[in-house]
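The values are calculated or read from the model by the stated rules, or taken from the named source; none is laboratory data. The structure presented is a predicted model; accordingly, all values stated were derived computationally and were not measured. Ideal geometry is used to build each Cβ from the backbone, glycine not excepted, and the neighbour counts take in all protein chains shown.
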Amino acid sequence: MRYQISGIHIDIGDALQTYVKDELGAAVQKYAERPTDALVVFSKSGHEYVCEATVHLSTGLTAQAKASAAEIYACFDSCCEKMEKQLRRYKRRLKDHHKERSNPVELLAASSYILANESVHEDSEPETLQPIIIAEMETKIPSLSVGEAVMQMELSGTGFLVFKNESKNSVNVVYRRDDGNVGWIEPQ
């Protein structure tokens with residue numbers, strides 16, 4: 001597994017980097033067979049240290065955890081526990097433990113746009129119906145099963161996930177409904 005360990009406005013020593021690699025590696029290997037890379041960022045917020053960790057798995061899933069504490073090692077330990085808990089839940093949810101992906105998840109390139117928020121007053125008419133694009137980024141759409149898409153959405157903590165359905169070969173969306181259930185949009 002590739003590690004990228006960095007600090008924002010703080011110096012990360014060799015001892016902390018070695019500790020992070022050993023502890024995070026042990027936690028991830030316990031529940032995930034083929035992790036590809038890990039990103040760990042330390043920062044300081046007031047008097048507390050903040051640790052944010054992201055681990056990418058070969059199945060296309062991404063696990064993220066964030067924790068804060070007064071000591072930097074305690075901060076990382078708390079973050080590592082949260083990561084381990086997420087991966088443990090992910091492993092429990094897999095219904096077919098024998099399904100092995102011989103290749104990593106296929107990712108389709110897509111564009112992501114941020115549109116300007118035009119506050120329209122009640123008395124005025126908009127000049128044009130075309131939105132103003134203020135940012136354009138490249139994003140990836142994973143090719144997953146519906147179950148994997150739901151797990152990815154829950155692991156990432158987002159409200160929705162756009163994915164390419166492996167069985168139907170079409171773009172689908174899973175999303176968290178207001179009633180707590182998961183919705184699934186599949187074009188006909």
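Let me spell it out: the conditions are (1) in contact with a Lys or Arg (Cβ under 6 Å, 6 or more places away or on another chain); (2) among the aliphatic types (A, V, I, L, M); (3) within 30 Å of residue 144 (Cα to Cα), and residue 26 meets all of them except one. Which number is the exception?
Every listed condition holds for residue 26 apart from (1).
Looking at (1) small (Gly, Ala, Ser); (2) surrounded by 16 or more Cβ atoms within 10 Å (Cβ to Cβ); (3) more than 18 Å from the chain's Cα centre (by Cα), can you tell me which one residue 46 breaks?
Result: residue 46 passes all but (2).
Among the strands (runs of 3 or more DSSP E) lying completely within the stretch 114-188, list those that include at least 2 residues that are among the β-branched types (Val, Ile, Thr) and either surrounded by fewer than 11 Cβ atoms within 10 Å (Cβ to Cβ) or at pLDDT 80 or above (or both).
Strands (runs of 3 or more DSSP E) meeting the threshold: 133-144, 170-176, 182-185.
Keeping to the stretch 58-70, report how many residues are assigned to a strand (DSSP E or B), surrounded by 17 or more Cβ atoms within 10 Å (Cβ to Cβ) and among the hydrophobic types (A, V, I, L, M, F, W, C).
3
Of the conditions (1) without any contact (Cβ under 8 Å) to a residue 24 or more places away in the chain; (2) surrounded by fewer than 16 Cβ atoms within 10 Å (Cβ to Cβ); (3) closer than 20 Å to residue 142 by Cβ, residue 91 clears all except one; give me its number.
With respect to (1) without any contact (Cβ under 8 Å) to a residue 24 or more places away in the chain; (2) surrounded by fewer than 16 Cβ atoms within 10 Å (Cβ to Cβ); (3) closer than 20 Å to residue 142 by Cβ, residue 91 is out only on (1).
Name the residue, out of 105, 55, that is surrounded by 10 or more Cβ atoms within 10 Å (Cβ to Cβ), aliphatic (A, V, I, L, M), modelled with pLDDT of 75 or more and not in a helix (DSSP H, G or I).
Every option except 55 fails the conditions.
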